[in-house]
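Notes for the one structure printed next.
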Number of protein chains: 2
Amino acid sequence: MVKKDKDASTQERILLAAKKVFVGKGMAGARMQDIADEAGINKALLHYYFKNKEQLFEKIFQEAATLLFPKLNIIFDSDLPLFEKIEKFAEEYITVMMLNPFLPLFVLNEITRDPNNFVKKIWTGDKPHPQKLMQQIDKEVKKGTIKKISAVQLLMNLTAMIIFPFVARPMYQLTIGINEKEFRAIMEERKTLVPKFIIDSIRK
Amino acid sequence: MVKKDKDASTQERILLAAKKVFVGKGMAGARMQDIADEAGINKALLHYYFKNKEQLFEKIFQEAATLLFPKLNIIFDSDLPLFEKIEKFAEEYITVMMLNPFLPLFVLNEITRDPNNFVKKIWTGDKPHPQKLMQQIDKEVKKGTIKKISAVQLLMNLTAMIIFPFVARPMYQLTIGINEKEFRAIMEERKTLVPKFIIDSIRK
DNA sequence: TTTTGTTTTAACCAAATGGTTAAACTACAT
DNA sequence: ATGTAGTTTAACCATTTGGTTAAAACAAAA
């Protein structure tokens with residue numbers, strides 16, 4: 001059997017290229033030729049590795065979703081006290097997304113386009129389940145440790161403040177005129193700022 | 001001269017249909033045939049009213065952007081005290097978006113796909129300018145009226161908590177299992193909850 | 001009734017696009 | 001040297017899609 005490993009295994013280069021093109025243009029806007037070009041190969045070879053666009057897309061999308069979602073549950077289900085859980089969530093999640101700043105919009109898009117397909121093909125059993133965290137919030141409210149707030153609302157506030165900046169980055173860059181470097185710095189600061197902001201708001 | 005006004009002026013029906021299809025599938029994913037079908041007409045008539053896809057898309061997109069953005073500046077530039085400004089912003093903005101819940105994702109997408117084209121063709125002079133609000137924040141911080149926080153960060157928190165739920169609705173529906181009606185109720189509550197949440201956090 | 005703008009039908013065109021095929025070439029492993 | 005997997009070239013195919021065209025039907029104003 002013969003195995004060439006030219007550069008970074010053509011297959012790897014294709015996946016890299018496909019990720020870039022799909023994330024940038026979406027499934028509908030992406031062209032197989034774009035992917036081939038980006039990978040520095042030709043269409044024939046692209047199809048030699050991947051039967052068709054759909055299969056390739058699903059591979060990319062699954063990769064993206066598995067990168068974004070599964071770490072959530074580890075934090076959601078951990079036994080940390082509420083405030084620490086919030087801190088850890090922000091810290092870890094922003095770290096992950098700073099490595100893949102375009103993934104959130106990409107994934108949100110595809111979920112929106114076809115939620116059922118998403119559930120079937122991507123969340124095969126292990127979707128995020130914030131229920132434990134939500135119960136924890138309810139419990140703290142009942143104990144009177146924190147101000148009264150519904151768990152859903154608090155969860156929305158938390159996730160919104162963490163994820164949205166990545167989704168709206170170009171808008172922020174256009175309106176308040178921040179560059180790439182400044183954006184990174186801001187997001188770095190948010191790792192601790194967001195938890196503090198939340199805790200300051202709900203602490204009694 | 002002859003003017004028929006069958007139903008709701010075919011042109012209006014086309015724009016309605018185009019909005020639905022474009023917002024749902026994006027520029028690349030939308031098909032002229034889809035739009036014709038949705039409008040209950042045929043392709044020939046569609047092109048009788050609109051030269052081509054691009055022109056139609058731009059009309060829709062401009063409409064969407066003008067709906068989402070321009071009211072911002074009125075609030076941004078008003079002379080209200082900070083807390084009231086925050087309250088008004090949340091109230092009015094959530095109201096607008098509840099009437100067009102899919103617009104935010106649509107607009108964010110197109111800004112991301114091609115920021116320059118967006119600036120050229122959509123923001124011809126009157127883009128959102130939160131600068132005055134940001135100065136106001138800085139001033140309050142200096143006066144010591146509110147806790148120390150950078151204006152950008154506070155602005156991000158505010159916009160994120162207001163806009164993100166609309167962008168991520170399908171995700172929330174899948175993970176915490178809320179239906180359409182519940183979502184509306186939650187967003188209704190957020191009109192006052194978000195300002196309260198913020199003010200509780202930054203008030204000294 | 002004639003005119004004029006609207007709408008349908010239906011065929012058609014050209015370009016883009018996903019995908020295929022076959023032949024030839026390359027480089028490595030045996 | 002030979003076989004095999006990887007790769008290129010280049011032509012090709014079928015389908016989709018944006019867009020056009022021409023003729024006829026329609027509806028209302030003049």
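In segment B:6-25, of all residues being within 12 Å of DNA strand C (Cβ to nearest atom) and closer than 16 Å to B:TYR48 by Cβ, the one that is modelled with the lowest pLDDT corresponds to B:LYS6.
Give segment B:134-143 a look and list any residue that's free of Cβ contacts under 8 Å to residues at least 40 places away in the same chain and either within 11 Å of chain A (Cβ to nearest Cβ) or not hydrophobic (A, V, I, L, M, F, W, C) (or both), or say none.
Listed by number, the residues that qualify are B:MET134, B:GLN135, B:ASP138, B:LYS139, B:LYS142, B:LYS143.
The selection criterion, being of a type outside the set (Gly, Ala, Ser), part of a helix (DSSP H, G or I) and open to solvent by 40 Å² or more (accessible area, probe 1.4 Å), does not hold for A:LEU56.
If the condition is being assigned to a helix (DSSP H, G or I) and more than 22 Å from A:SER201 (Cβ to Cβ), then segment A:73-106 contributes A:ASN73, A:ILE74, A:ASP77, A:THR95, A:VAL96, A:MET97, A:MET98, A:LEU99, A:LEU103, A:PRO104, A:LEU105, A:PHE106.
The set of residues from segment B:92-112 being free of Cβ contacts under 8 Å to residues at least 60 places away in the same chain and closer than 14 Å to B:MET27 by Cβ comprises B:VAL107, B:LEU108, B:ILE111, B:THR112.
Among the residues of segment A:73-86, is any within 21 Å of the chain's Cα centre (by Cα), surrounded by 19 or more Cβ atoms within 10 Å (Cβ to Cβ) and within 17 Å of A:PHE106 (Cβ to Cβ)? So far as segment A:73-86 goes, no, none of its residues is within 21 Å of the chain's Cα centre (by Cα), surrounded by 19 or more Cβ atoms within 10 Å (Cβ to Cβ) and within 17 Å of A:PHE106 (Cβ to Cβ). Between B:LEU67, B:LEU72, B:LEU82, B:LEU56, the distinction of being within 9 Å of DNA strand D (Cβ to nearest atom) and hydrophobic (A, V, I, L, M, F, W, C) belongs to B:LEU56 only. Number of residues in segment A:26-45 that are assigned to a helix (DSSP H, G or I) and more than 8 Å from DNA strand C (Cβ to nearest atom): the value is 10. When segment A:92-128 is filtered for residues that are small (Gly, Ala, Ser) and facing another protein chain (nearest Cβ under 8 Å), nothing remains.
Given the criteria modelled with pLDDT of 95 or more, in the same structural domain as B:ILE198 (by TED's automatic domain parsing) and open to solvent by less than 80 Å² (accessible area, probe 1.4 Å), does B:PRO101 qualify? Break it down stepwise before answering.
Details: modelled with pLDDT of 95 or more: no; in the same structural domain as B:ILE198 (by TED's automatic domain parsing): yes; open to solvent by less than 80 Å² (accessible area, probe 1.4 Å): yes.
No; evaluated as a whole, the condition is false for this residue.
Residues of segment B:45-91 that are touching a residue at least 12 places away in the same chain (Cβ under 8 Å) and acidic (Asp, Glu): B:GLU58, B:GLU63, B:ASP77, B:GLU87, B:GLU91. The single condition from (1) more than 11 Å from chain A (Cβ to nearest Cβ); (2) farther than 30 Å from A:MET27 by Cα that B:GLN131 fails is (1). Per the conditions (1) modelled with pLDDT of 95 or more; (2) within 28 Å of B:PRO170 (Cα to Cα), the sole criterion not satisfied by A:ASN109 is (1). From the set of residues in segment A:123-155 that are among the β-branched types (Val, Ile, Thr) and farther than 19 Å from A:PHE69 by Cβ, which is nearest to the chain's Cα centre (by Cα)? Ranking the candidates gives A:ILE137 first. In segment A:144-159, the residues that are closer than 19 Å to B:ILE163 by Cα form Cβ pairs under 8 Å with partners that are at pLDDT 95 or above and of a type in the set (S, T, N, Q), at six or more places apart or across chains, as follows: A:ALA151/A:GLN135.
The values are calculated or read from the model by the stated rules, or taken from the named source; none is laboratory data. Predicted model, so just to flag it, every value in this text is computed and none were measured. Because the Cβ atoms are built from the backbone with ideal geometry, glycine has one as well, and the counts that use them run over all protein chains shown. Only protein heavy atoms, including side chains, enter the accessible area calculation; ligands, DNA and RNA are left aside. Shrake-Rupley method; radii C 1.70, N 1.55, O 1.52, S 1.80 Å.
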